[in-house]
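Below: the structure, in structure tokens.
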Amino acid sequence: MFSPVTGKSVIVTGGSKGIGRGIAKVFAREGANVAIASRGEEAGKVASDEISSACGGTAYHVPCDVSDWESVKSMAETVAARSGGIDVLCANAGAFPQTKIVDMEPSEWDQVLATNLKSAFLCVKACIPFFERAGKGRVVLTSSITGPVTGFPGWSHYGASKSGQLGFLKTAAMELSRYGTTINAVMPGNIYTEGLQDLGEDYLKTMAASIPLKRLGDVEDIGHAALFFASDEASYITGQQIVVDGGQIIPESLEAIDEI
Ligand code: NAP
């Protein structure tokens, strides 16, 4: 049995949709005060209202652009003032436009790196004063299998950003240890989000068939991994990453899947 996160102050960046919304739901269901940090006010409010009424705990929206320092700093201060500090940061917000290198404008590269990688640095930096004050804290990054483990045409910038998060993680783990704070990463495989619904039933079935556990991941599968890293029981784990992908990266060929 894990110690409860009841009443803890948890930030989930990108919590208005997709995986972030799943993470926010899991923490709220366990009684946490969840701050959803994202740009879109309406989507953020809809998500936080739904999570508060359906899951218990409290969820509220704080407008934030994770690629902008002033915005991130102000978000962390707002959360700390409202919830009495910051216990857990789930740095999850991300963007994944698909453009091949030959067609990619340098500005798109910069934008993706700023949203996915620089944001991890900015969010951690903004939370440090609150972790220092409390003498403890938890950070969970949402990385990906794409980049650190696999490649996909059109996602060179995305893959670089997701690998970069894991590079950041190692040194951050050392620096955050002086504040009693751990930092770890979840590396999702193909997770079923609103964005994937547009790809159509046939495409989704084909994707599921290539995964040993024969289903796409649920957003709450990532939430549960984040909850574990945020738990008291995970207090001796830092600088680590866990793949949550239903075994997707294991098969060495399509034939291997057919042998199951
Ligand atoms: P999603 O459904 O598109 O949601 C993205 C979330 O991030 C939204 O809440 C969005 O809200 C927010 N966001 C985007 N840019 C932002 C910015 N500059 N500042 C603040 N918030 C921002 O994405 P997802 O599929 O759930 O992905 C979430 C994370 O999981 C990403 O880091 C992604 O790389 C990772 N991941 C996803 C999958 C997958 O299968 N879905 C697999 C591996 C890894 P606003 O636009 O309103 O700001």
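The values are calculated or read from the model by the stated rules, or taken from the named source; none is laboratory data. Since the structure is predicted, the reported quantities are computational estimates derived from the model, not experimental observations. We place every Cβ from the backbone using ideal geometry, glycine too, and count neighbours over all the protein chains shown.
Of all residues being of a type in the set (S, T, N, Q) and not in a helix (DSSP H, G or I) in segment 182-239, which is nearest to A120 (Cα to Cα)? Just the residue, please.
Narrowing segment 182-239 to residues of a type in the set (S, T, N, Q): 182, 184, 190, 193, 197, 206, 210, 231, 235, 238.
Now narrow it down to the ones that are not in a helix (DSSP H, G or I): 182, 184, 190, 193, 210, 231, 235, 238.
Values: T182: 14, N184: 12, N190: 21, T193: 22, S210: 31, S231: 20, S235: 21, T238: 16 Å.
Going through the qualifying residues, I end up with N184.
Within segment 19-31, is even one residue crowded, with 24+ Cβ neighbours inside 10 Å, within 8 Å of the ligand (Cβ to nearest atom), farther than 15 Å from G223 by Cβ and not hydroxyl-bearing (S, T, Y)?
Among the residues of segment 19-31, not one is crowded, with 24+ Cβ neighbours inside 10 Å, within 8 Å of the ligand (Cβ to nearest atom), farther than 15 Å from G223 by Cβ and not hydroxyl-bearing (S, T, Y), which makes the answer no.
Kindly indicate which of T181, T206 is modelled with pLDDT under 95 and farther than 18 Å from G22 by Cβ.
Being modelled with pLDDT under 95 and farther than 18 Å from G22 by Cβ holds for just one of T181, T206, which is T206.
Can you give me the number of residues within segment 79-96 that are of a type in the set (S, T, N, Q) and farther than 17 Å from G137 by Cβ? Explain how you work it out, then say what you get.
To start, the set of residues in segment 79-96 that are of a type in the set (S, T, N, Q) comprises 83, 92.
With the extra rule that they be farther than 17 Å from G137 by Cβ, the set shrinks to none.
Summing the residues that are of a type in the set (S, T, N, Q) and farther than 17 Å from G137 by Cβ in segment 79-96 gives 0.
For segment 160-169, name all the residues that are touching a strand residue (DSSP E or B) at 6+ places or on another chain (Cβ under 7 Å) and either within 10 Å of the ligand (Cβ to nearest atom) or in a loop (DSSP other than H, G, I, E, B) (or both).
Of everything in segment 160-169, those that are touching a strand residue (DSSP E or B) at 6+ places or on another chain (Cβ under 7 Å) and either within 10 Å of the ligand (Cβ to nearest atom) or in a loop (DSSP other than H, G, I, E, B) (or both) turn out to be K162, Q165.
Just to be sure I understand, how many residues within segment 173-215 are basic (K, R) and within 19 Å of A225 (Cα to Cα)? Spell out the reasoning first.
Our first condition is that a residue be basic (K, R); within segment 173-215, this holds for 178, 205, 214-215.
Narrowing further to those that are within 19 Å of A225 (Cα to Cα): 215.
Final tally of qualifying residues: 1.
Provide a single number: the residues in segment 210-260 that are of a type in the set (G, A, S), surrounded by fewer than 20 Cβ atoms within 10 Å (Cβ to Cβ) and within 27 Å of D87 (Cα to Cα).
Looking only at that region, the number is 4.
For segment 20-56: of the residues being without any contact (Cβ under 8 Å) to a residue 40 or more places away in the chain and assigned to a loop (DSSP other than H, G, I, E, B), which is nearest to the chain's Cα centre (by Cα)?
R39
Tell me, which residue of segment 82-106 that is within 13 Å of the ligand (Cβ to nearest atom) and outside any loop (DSSP other than H, G, I, E, B) is surrounded by the fewest Cβ atoms within 10 Å (Cβ to Cβ)?
First pass over segment 82-106, keeping only residues within 13 Å of the ligand (Cβ to nearest atom): 90-98.
Retained after the next criterion (residues that are outside any loop (DSSP other than H, G, I, E, B)): 90-91.
Numbers: C90: 33, A91: 30.
That would be A91.
Out of the residues in segment 77-94 that are hydrophobic (A, V, I, L, M, F, W, C) and in contact (Cβ under 8 Å) with a residue 24 or more places away in the chain, state the one that is nearest to D65 (Cα to Cα).
Quick first cut of segment 77-94, residues hydrophobic (A, V, I, L, M, F, W, C) only: 79-81, 86, 88-91, 93.
Next, only the ones that are in contact (Cβ under 8 Å) with a residue 24 or more places away in the chain stay: 79-80, 86, 88-91, 93.
Details: V79: 15, A80: 17, I86: 18, V88: 19, L89: 15, C90: 15, A91: 12, A93: 9 Å.
Looking at residues that are hydrophobic (A, V, I, L, M, F, W, C) and in contact (Cβ under 8 Å) with a residue 24 or more places away in the chain, I get A93.
Each row is one residue, and each column tells you yes or no for (1) more than 30 Å from G159 (Cα to Cα); (2) in contact with a helix residue (DSSP H, G or I) (Cβ under 9 Å, 6 or more places away or on another chain).
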| position | (1), (2) |
| --- | --- |
| A54 | yes, yes |
| C64 | no, yes |
| R82 | yes, no |
| V102 | no, no |
| S107 | no, no |
| V112 | no, yes |
| L117 | no, yes |
| P129 | yes, yes |
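Name the residue that is surrounded by the fewest Cβ atoms within 10 Å (Cβ to Cβ), counting only residues in segment 172-198 that are among the polar types (S, T, N, Q), touching a residue at least 40 places away in the same chain (Cβ under 8 Å) and more than 8 Å from the ligand (Cβ to nearest atom).
Just the residues of segment 172-198 that are among the polar types (S, T, N, Q), to begin with: 177, 181-182, 184, 190, 193, 197.
Still in the running and touching a residue at least 40 places away in the same chain (Cβ under 8 Å): 177, 181-182, 184, 190, 193.
Narrowing further to those that are more than 8 Å from the ligand (Cβ to nearest atom): 177, 181-182, 184.
Values: S177: 13, T181: 26, T182: 23, N184: 23.
Once the filter is applied, the top-ranked residue is S177.
Among G164, G151, which is the only one that is of a type outside the set (S, T, N, Q) and in contact (Cβ under 8 Å) with a residue 12 or more places away in the chain?
Step by step, each of G164, G151 is checked, and only G164 is of a type outside the set (S, T, N, Q) and in contact (Cβ under 8 Å) with a residue 12 or more places away in the chain.
Only one residue in V62, V72, V66, V79 is assigned to a loop (DSSP other than H, G, I, E, B) and within 24 Å of T181 (Cα to Cα), so which one is that? Talk me through it step by step, then tell me what you get.
Working: V62 fails: assigned to a loop (DSSP other than H, G, I, E, B); V72 fails: assigned to a loop (DSSP other than H, G, I, E, B); V79 fails: assigned to a loop (DSSP other than H, G, I, E, B).
Exactly one of V62, V72, V66, V79 is assigned to a loop (DSSP other than H, G, I, E, B) and within 24 Å of T181 (Cα to Cα), namely V66.
Report, by residue number, each residue of segment 32-61 that is more than 10 Å from the ligand (Cβ to nearest atom) and hydrophobic (A, V, I, L, M, F, W, C).
Residues of segment 32-61 more than 10 Å from the ligand (Cβ to nearest atom): 32-35, 45-46, 48-60.
A32, V34, A35, V46, I51, A54, C55, A59 - these are the residues of segment 32-61 that are more than 10 Å from the ligand (Cβ to nearest atom) and hydrophobic (A, V, I, L, M, F, W, C).
Are any of the residues in segment 10-23 touching a helix residue (DSSP H, G or I) at 6+ places or on another chain (Cβ under 7 Å) and on the phi > 0 side of the Ramachandran plot? Show your work before the answer.
Keep residues of segment 10-23 that are touching a helix residue (DSSP H, G or I) at 6+ places or on another chain (Cβ under 7 Å), which gives 10-19, 21-23.
When the remaining residues are screened for being on the phi > 0 side of the Ramachandran plot, the result is 14, 18.
Yes, there is a match, as at least one residue in segment 10-23 is touching a helix residue (DSSP H, G or I) at 6+ places or on another chain (Cβ under 7 Å) and on the phi > 0 side of the Ramachandran plot.
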